[in-house]
Structures are given as C-alpha cells and as structure tokens.
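Take a look at the structure below.
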Amino acid sequence: MTLLDSMVERNLSEETRMMRDITRKFVDQHVIPFTRQNWQAEWNMKPEERLPRKILEVASEIGIRTLGIPEEFGGTALDPVTETQTFAVISEEISRGDCGLSEKMVQLWKVSVLLRNIAPRHLQEKWFPRIVEDPTFLLAHCLTEPRGASDRWLPYDVPEAMMHTRAEKKGDKWVINGRKQFISNGYDAKLYVVYATTTPGAGMTKGTSCFLVPRETPGFSVARCNETLGGRFMNNGEMVFEDMAVPLDHCLVQDTALAKAGVYFRPGKIIQGSKNLGVAVRAFEETSKYVQEYVQGGKILIKHQATAIRLAEMATKICTVRALLREASRAVDDKSPDAEVLCNMVKLYASEAVLEVCKHAMELHGGNGTMLEFGIEKLYRDASMYLHMDGTVDITKFKIVKNLFPDTAGKYAGQD
C-alpha cells in the first residue's frame, strides 16, 4: 500500500471502506482493462455503442449503480451520517478507471437523492423500481441552456437571468417549451428532471419550477450528443421541448425549485471534486510506474532531479485535494453552515490542481504522453473538462466571495 492509499483509508467508516474495496476491484477488473484495450471506443461516433452494457450490468450487480435509491425500492442503502463521504470515495475510485463512467453513475446518484427528497410517493414507487431493474437506465438533471449556463450558478434574482425554458399550466397539464444544453447523460437518459420558468419576472429562486419528464413524452426530443474533449464515455446531450405536456403531479417543486435543489447541488460539488481527484490518482499511478521503468541518460527517470520535483508536486496536490474534499464532505453530511463555501472551494481547487497533475504526467511521459494508445493524453483531456463542469472556475470564485462576504460582494448581474 502506497502513502496515497494510506490516506484514502484513514478515518473511513467500515461501510465506506468496504464499498471502496468493492469498487476498486470492479475498476481494476472491468473498467481499466476495457479502456486500455479498447482506447478507440471513445471515438466511436455512435455514442450508444461506446461503453459496453456489461460494465453497467456489473455495476448494478455490486450495488454501486443504485446508490441514493431507498432500500425499500431495491437500492443500495448508505448510512445517512456518511452518505456524501461515501459518494466521494466511490466516485473517486470509478474515475480512476474512467471519469465518463463515473459521471454516468454520479448523475444516477444525485438525481435519485433529489427524487428521494422532493418527488411524491407515487412517482417514487413508479420509477425507482424501474431504475433498479434496468442496468442501462440513466437519469439526467436539466438546468443549463444555450443562453444561460455557468452564470445561473450564482444565482441572482434579476429578470434577465431567468430560464428561457417556460412552463405554463393549461388545464390538467403543464406545457413546456424550450431547450437544454450540455446535460450530463442527456443523450441517453430515460428520465429527466427539467427546470423551467413558471412565474416570469419573479427571479430565479422565486419563479423556477422543476418537472419529472420521461424520455418518451410527446414533444420531447434529443437534438444531439455533444462531442466533448474528455469524459467521452458519458454522453452529454441537448434536449428540445416543443409543446411538451406533463401531468400536474409531475411538477416536483413549483416556483422555488432552485432553493430545494441544495440536496443535489452540494453533494454534486463534492462528487465533482472526487471524480476529478480519481483522474489525478490514475495519472500519478501510471506516471509512478513509468518513471521507475523508463531509462534516459543511463538511469531510470525517477533518479533525475527534474522528475523527482514533479512527482513531489503531483503527490502534494493530490493529498491537498483529498484533505479539502474530506473536510467539505463531512460538512455536507453534518449540514454545517460552512458546507456551501467548502463545496465551492473543493470544486475550484480540484479543477485547477488536477489539471496541473495531469500536465506533469504528460510531460514526464515525454512523446509517449501525447500518443492516443498510451492513455496519458486521455487523462489530461478528462481533467480539462472539470474547469467548466458545475460552473466555470471564475463563477465558482464569485460564489466563494459571496459566501464569505454576503453583505458586500457584487451581484455580477443587473443593477448593483
């Protein structure tokens, strides 16, 4: 066991340690062999063919696909005292194998937790068993739009910032029109939580509702798969709603949906950081092996001072991300008042530190680091995605300042 592995083990509950070991075995036996032996698969322009069904089936068999779903519906129960911490450890392990697969799983977990908290009982009884029974059943959370993305994360209650997707109550239906973009799992999900303006001019936190939308709903269509730079085993999508009608009871939260979504957003920041961390850990593992085998100038690379300096920086950044991640995870589970600012700090620091780790890995591999079949450039591409996921790093910095100085920080939109 390496020093980095020892830090993973420290202070974990028995349940979390067990889940981590099960997940690591899954990743080492199924995920990493697939991504290494089939490195061309992520470039298949038929997105539905990129990841084999077998991997999702095994994830279901060992119980990591259905985290967040109540045990009474067949989900995998977690101790609520350490639930976010367990999510973080498991997503890090999956991301060691592939961050796109981790994102597929994470959206299932986060949306399941959201539905567990806000969906009426009869909808939980209808949908949770279906998710459990079908290994290919994915969920998506639809917030981002073509003309409103990271700026919505602040949020600010000015009319200009409201959703362009609109929902109107007509008789016994809600009729939705609009478009969503850059949605994780959007291309191949089977059930969506969609946000729309229901009270124009009221501001985002007072006039935005969320709706449960099955994929087969008339008027709903998936416009395309967004072909991303990294994380390509998660199929990001763009959705269109044209006079799409859903029953009244499919409005999960009316007007105050963003205020109720904290159960999704805060663990989401933690899991973003942990997914990113998994990429860095894999980059460090692969680089550590390489520099102790590859000879240059008559000696193995690790004996060169320049190599030693980079390895030390990589390990320190990884340990720093993990320490901040653990602190923020505990704050979320404890519902501490500083959870919000810590979650944003994790998202910010992990985004930048992990990319730097992967940059070192690329450079220590020399020319091999740029070769597609070597797998290191993939980690660099994957890490680059996190600068923009769950809000850009600049928007995240604004949020941190707003948390620290709520009375004097700028509004960043509308009149100050």
| query | When you go through Glu145, Glu160, Glu168 one by one, which is the residue that is out of contact with any helix residue (DSSP H, G or I) (no Cβ under 9 Å at 6 or more places or on another chain), at pLDDT below 95 and not aromatic (Phe, Trp, Tyr)? | reply | Glu160
| message | If the requirement is being surrounded by 18 or more Cβ atoms within 10 Å (Cβ to Cβ), of a type in the set (D, E, K, R) and either closer than 27 Å to Arg310 by Cα or at pLDDT below 95 (or both), which of these qualifies: Glu327, Glu340, Glu356? | response | Glu340
| Evaluation of Lys335 against (1) open to solvent by 10 Å² or more (accessible area, probe 1.4 Å); (2) under 17 Å from Gly268 (Cα atoms); (3) assigned to a helix (DSSP H, G or I); (4) modelled with pLDDT under 95 (one fails), failing number | (3)
| field | Near pairs, Cβ below 9 angstrom, 6+ apart or cross-chain, from region 14-28 (among the hydroxyl-bearing types (Ser, Thr, Tyr)) to any residue that is open to solvent by 60 Å² or more (accessible area, probe 1.4 Å) | value | Thr16/Asp79
| note | Going through (1) within 19 Å of the chain's Cα centre (by Cα); (2) surrounded by fewer than 19 Cβ atoms within 10 Å (Cβ to Cβ) one by one, Thr84 fails only at (2)
| So which of Met362, Met385 ends up being under 16 Å from the mean Cα position of the chain (by Cα), of a type outside the set (Gly, Ala, Ser) and open to solvent by 20 Å² or more (accessible area, probe 1.4 Å)? | Met385
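Let's see how each residue does on (1) over 30 Å from Val341 (Cα atoms); (2) of a type in the set (D, E, K, R); (3) in contact with a His (Cβ under 7 Å, 6 or more places away or on another chain):
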| site | (1), (2), (3) |
| --- | --- |
| Phe233 | yes, no, no |
| Gly237 | no, no, no |
| Glu242 | yes, yes, no |
| Val246 | yes, no, no |
| Pro267 | no, no, no |
| Ile270 | no, no, no |
| Val279 | no, no, no |
| Lys299 | yes, yes, no |
| From the list Met234, Met239, which residue is surrounded by 24 or more Cβ atoms within 10 Å (Cβ to Cβ), out of contact with any helix residue (DSSP H, G or I) (no Cβ under 6 Å at 6 or more places or on another chain) and of a type outside the set (D, E, K, R)? | Met239
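Just checking, which of Glu42, Glu72, Glu48 is in contact with an Asp or Glu (Cβ under 7 Å, 6 or more places away or on another chain), assigned to a helix (DSSP H, G or I), over 26 Å from Leu325 (Cβ atoms) and not basic (Lys, Arg)?
Details: Glu42 fails: in contact with an Asp or Glu (Cβ under 7 Å, 6 or more places away or on another chain); Glu72 fails: in contact with an Asp or Glu (Cβ under 7 Å, 6 or more places away or on another chain).
After ruling out the rest, the residue left standing is Glu48.
The values are calculated or read from the model by the stated rules, or taken from the named source; none is laboratory data. It should be emphasised that the depicted structure is a prediction, and the values quoted were computed from it without experimental measurement. Methodologically, a virtual Cβ is constructed for each residue, glycine included, from the backbone with ideal geometry; neighbour enumeration extends over all protein chains shown. Heavy atoms of the whole protein, side chains included, go into the accessibility calculation; ligands, DNA and RNA do not. Shrake-Rupley method; radii C 1.70, N 1.55, O 1.52, S 1.80 Å.
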